[in-house]
1. Just to be sure I follow the definition: excluding the sites themselves, where is the longest run in the chain that has none of the GluC sites (Glu not before Pro) in a DSSP loop with at most 14 other Cβ atoms within 10 Å?
2. For the chain, which whole percent of the accessible surface, found with a 1.4 angstrom probe, sits on carbon and sulfur atoms?
3. Can you give me the relative contact order of the chain as a percent, contacts being Cα pairs under 8 Å and 6 or more apart?
4. Could you tell me whether the chain comes out rounded, prolate or oblate from its Cα gyration tensor? Rule is a ≥ b ≥ c as square roots of the eigenvalues, rounded for a/c under 1.5, then prolate if a/b exceeds b/c, otherwise oblate.
5. Could you give the nm distance between label points at Arg58 and Leu70, where each point is 7 Å from its Cα heading toward the beta carbon?
6. Rolling a 1.4 Å sphere over the protein heavy atoms, what is the accessible area per residue of the chain, to the nearest Å²?
7. Taking 0.36 nm per intervening residue step and subtracting the Cα-Cα distance, what contour gain separates Ser2 from Val50 on full extension?
Amino acid sequence: MSRWTPCKRREFVRRLRTMGFDGPFSGARHQFLVYQQNRLTIPSNEEYSVPQLRMMLREASTIINKEITLEQWNRL
């Protein structure tokens, strides 16, 4: 059984772009990704911890109205 692991910022952006997000675009303090009319702000960390990654994926899943499971995330 797989486990959640920390994710590099570049890899996080690449995976979300395969899910239909555009960007990253520069904002006031942070960059953000866009999906239709919604924005997902992404921190400027080099690497995201597991809790931070899961929090951002939970927010992304509400934006796209589809749950992102560990298996789906690892396949991207």
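1. On the way: sites that count: Glu46, Glu67.
After excluding every exposed loop site, the longest remaining stretch is 1-45.
2. Details: 2400 of 5380 Å².
Whole-percent figure for carbon plus sulfur exposure: 45.
3. Details: 77 pairs, mean separation 24.3, N = 76.
Relative contact order for the chain comes out at 32 percent.
4. Values: a/c = 1.84, a/b = 1.28, b/c = 1.44.
Because a/c hits 1.5 or more and a/b fails to exceed b/c, the chain counts as oblate.
5. 1.6 nm
6. Working: 5380 Å² over 76 residues.
Averaged over the residues of the chain, the accessible area is 71 Å².
7. Details: separation 48, 0.36 × 48 = 17.28 nm, distance 1.32 nm.
Fully extending the segment from Ser2 to Val50 adds 16.0 nm.
The values are calculated or read from the model by the stated rules, or taken from the named source; none is laboratory data. Predicted, not measured: the structure shown is a model, and the values here were computed from it. Heads up, the Cβs are rebuilt from the backbone with ideal geometry, glycines too, and the neighbour counts pull from every protein chain shown. Surface areas here come from the heavy atoms of the whole protein model, side chains and all, with no ligands, DNA or RNA. Shrake-Rupley method; radii C 1.70, N 1.55, O 1.52, S 1.80 Å.
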